[in-house]
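Following: one structure in structure tokens, then a few remarks.
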Amino acid sequence: MRVRFAPAPTGYLHLGGARTALFNWLLAKQHQGKFILRVEDTDIKRSTQESVQVILDSLNWLGITWDEGPYFQSERIHIYKEYIEKLLQENKAYYCYCTPEELKAQRQEALESPDRPAYDGRCQNLSLAQRQEYESGGRKPVVRFQILPGMTTVNDLIRGELTFDNKLLGDFIILKSDGMPTYNFACIIDDALMEITHVIRGEDHISNTPRQILLSQALGFKLPIFAHLPLILGTDKTPLSKRHGDVAIGHYIQEGYLPEALVNYLALLGWSTSDSQQIISGSELVVKFSLERVSKNPAIFDLEKLRWLNGEYIKGLDIDTLTGLCGKYLNKIENRKSKIENRKFKEIVRLFQERMRTLGDFVERARFFFVDTGSLVYEPEAMTLLTKNGVSEIMEQVKTKLSQLSSFTPDSIEMCIRRLAEELRIKAADIIHPLRAALTGSKVSPGIFEVVALLGKKIVTERISKVLKN
Ligand code: GLU
């Protein structure tokens, strides 16, 4: 099995592209085949080196490694031209000199009679003299592939048989006037020369497939097997796009998703096991993945599910690994105090391990541990808790009691607070809620006794004093 991932370097690697790469990679691994990376950069205006780098980096981050390539189509133009020449000589392709205005008028006519292709084939039989006249008038030709009447059937591994009427495909362009091959042409030449056995790509390419099959037949190539993966939609059932939030893999790297979790999630976009297993490691995927279980129906991208899955992977990390990963996110904390003891940092991470969904969450939620009291931000709900009647008196008492504690551990702190509640004849929650607000600036946090112990007596008294002053 030889499969390929063939991105156009005109932007970042998005979720859909990453899923295509992953499915190809899984199959190559499963069958001890080869996964080939081919950069389709024949659109010189839109392709950038930066984009190539982002795509390679994103694939590497996901652990999707290639056995061959990256091949660059821009370095293979001479090869495509040879095949263009062959088709021209065999009268299977021809030069077309139509201007954009002429083509527009033809398209308009085709719209009015739906059984006509967008291009009517008028340049098919130009004489040499006519061609020379156009050229001396400054027109630059394109090369079109001549389609013969008939039907073309795509045998798709996922979608079954799909039949297209050749007439509607129209004589399409294979070489542009700037001398570059079109996607369909370069793609099928490379698939043949790179001996690709299975072409697995997004459903948005289905309409290209009959064109590629016809080209392949005209050149006497062996056809690969085709499989078109279902579309990915947002939760509102429209095709996933920037409107649904960020779709770039780079965004998920930034936000602190784990590559293992994202790979797991991408695998479930259109594929499932018979028992709907949700958490599947990469090595298990290599064994279990199969195109037979890829659905025809669109897949829905659900960020909440991805967050949940990522949280599950975070829970499964050993504390040292997670501490290392969180450490890399510390510089995202604004106004961070310069130093924190390693041992203490690990305890803080442990406190959040069960509740964070992403490493970015850790930064948000644990911020109060890493800033000075002066830089602590109070959410409005926290302020409401602190300004209730009688809260100042309670906070005053809590401060005194906590500052008298000789051992400052979660247990001794809990005992102290419960005792104080009894003395004041109030519920422990009436102390805990405002205390949490005063120390963290929020109305939610991990267990308050652990939080108090980890902040330490000095900061705890300092933060309570601060809210008492306001
Ligand atoms: N360059 C095409 C794309 O990025 C590749 C499609 C294919 O796999 O044939 O969509």
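The values are calculated or read from the model by the stated rules, or taken from the named source; none is laboratory data. The model shown is predicted, which means the values in this text are computed figures rather than measured ones. Every residue, glycine among them, receives a Cβ derived from its backbone with ideal geometry; neighbour counts consider all protein chains shown.
For the range 196-206, the candidate set comprises residues that are more than 8 Å from the ligand (Cβ to nearest atom) and part of a helix (DSSP H, G or I); within that set, the residue that is nearest to the chain's Cα centre (by Cα) is 203.
Of everything in the range 365-391 that is among the basic types (Lys, Arg) and in contact (Cβ under 8 Å) with a residue 40 or more places away in the chain, the residue that is nearest to residue 329 (Cα to Cα) is 365. Candidates 215, 193, 223: the one that is at pLDDT 95 or above and either touching a Phe, Trp or Tyr at 6+ places or on another chain (Cβ under 8 Å) or within 11 Å of the ligand (Cβ to nearest atom) (or both) is 215.
Taken together, the criteria exclude residue 63 from residues that are within 14 Å of the ligand (Cβ to nearest atom) and under 23 Å from the mean Cα position of the chain (by Cα). Within the range 16-40, the set of residues being more than 13 Å from the ligand (Cβ to nearest atom), touching a residue at least 40 places away in the same chain (Cβ under 8 Å) and in contact with an Asp or Glu (Cβ under 9 Å, 6 or more places away or on another chain) comprises 33 only. Whenever a residue of the range 412-423 is without any contact (Cβ under 8 Å) to a residue 24 or more places away in the chain, its partners that are surrounded by fewer than 13 Cβ atoms within 10 Å (Cβ to Cβ), lying with C-beta atoms within less than 8 angstrom and at least six residues away or across chains, give the pairs 421/427.
Taking the range 337-391 as the range and being surrounded by 15 or more Cβ atoms within 10 Å (Cβ to Cβ), outside any helix (DSSP H, G or I) and touching an Asp or Glu at 6+ places or on another chain (Cβ under 7 Å) as the test, only 358 passes. When 210, 149, 259 are checked against the criterion of being more than 13 Å from the ligand (Cβ to nearest atom) and under 30 Å from residue 359 (Cα atoms), a single residue qualifies: 259. Residues considered: 229, 240. Of these, the only one that is within 16 Å of the ligand (Cβ to nearest atom), modelled with pLDDT under 95 and touching a strand residue (DSSP E or B) at 6+ places or on another chain (Cβ under 9 Å) is 240.
With the structure loaded, tell me whether residue 248 is over 16 Å from residue 310 (Cβ atoms) and over 19 Å from the mean Cα position of the chain (by Cα) or whether it fails that test. Spelling it out, it is not the case that residue 248 is over 16 Å from residue 310 (Cβ atoms) and over 19 Å from the mean Cα position of the chain (by Cα).
Restricting 280, 253 to those that are of a type in the set (A, V, I, L, M), more than 16 Å from the ligand (Cβ to nearest atom), closer than 30 Å to residue 32 by Cα and part of a loop (DSSP other than H, G, I, E, B) reduces the list to 280. Could you check the range 1-47 and list, in sequence order, the residues that are basic (Lys, Arg), farther than 25 Å from residue 245 by Cα and part of a loop (DSSP other than H, G, I, E, B)? If the condition is that a residue be basic (Lys, Arg), farther than 25 Å from residue 245 by Cα and part of a loop (DSSP other than H, G, I, E, B), then 45 is the only one that fits. Reported count of residues in the range 169-191, each being closer than 30 Å to residue 299 by Cα and in contact with a Lys or Arg (Cβ under 8 Å, 6 or more places away or on another chain), is 6.
Evaluating residue 158 against the criteria (1) out of contact with any His (no Cβ under 8 Å at 6 or more places or on another chain); (2) within 28 Å of residue 227 (Cα to Cα) leaves one unmet condition, (1).
Taking the range 50-73 as the range and being closer than 17 Å to residue 191 by Cβ and part of a helix (DSSP H, G or I) as the test, only 73 passes. Checking every residue in the range 125-133 against the condition of being at pLDDT 95 or above, surrounded by fewer than 20 Cβ atoms within 10 Å (Cβ to Cβ), closer than 30 Å to residue 238 by Cα and in contact with a Phe, Trp or Tyr (Cβ under 7 Å, 6 or more places away or on another chain) gives zero matches.
Out of curiosity, is residue 463 modelled with pLDDT of 95 or more, out of contact with any Lys or Arg (no Cβ under 8 Å at 6 or more places or on another chain) and within 18 Å of residue 367 (Cα to Cα)? So residue 463 fits the description; yes. If you check 395, 415 for being modelled with pLDDT of 95 or more, of a type in the set (A, V, I, L, M) and under 15 Å from residue 459 (Cα atoms), only one passes: 395.
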